[in-house]
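First up is the structure itself, then whatever we jot down about it.
No lab work stands behind these numbers, since they all come straight from the coordinates. Keep in mind the model is a prediction, meaning the values are calculated, not measured. Cβ sites come from the backbone with ideal geometry, for glycine too, and all protein chains shown count toward neighbours.
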Amino acid sequence: MRIINPTFGLAAAGGAKVALKPVNWATDAIALVSNSKPNARELLSGIRDKLGAFRGIDNIEFLSKNSASQPAPKDLLQEVAAKYRGALLAIAD
């Protein structure tokens, strides 16, 4: 099977410029987002445990999509953007 991305190499549509600052993975709030496939939550839980070895985990939270076959709902994306400085996404089986 050959997969082709028709948007590769094209500039993104114009919009407001956003100044981004680097994520401090040692202290910033992190969203662990599951795509709702089997074992995704387990994978993220293991990542959270590993992060806990060198940082506090009280501001690391689990989130998930409703279905692996659907894109993330707009409200979930807005929540991640508003509350967290970083996000890790799990795609598992």
**Asked** In straight Cα distance, which lysines are under 18 Å from LYS74, not counting same-chain residues fewer than 8 positions off?
**Response** LYS65, LYS83
**Fill in**
A student applying the Cα gyration tensor rule (rounded when a/c is under 1.5; otherwise prolate if a/b is larger than b/c, oblate if not) would label the range 13-72 oblate
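Sort 52-58, 81-87, 27-33 by the packing proxy (mean of other Cβ within 10 Å over each peptide's residues), most packed first.
27-33, 81-87, 52-58
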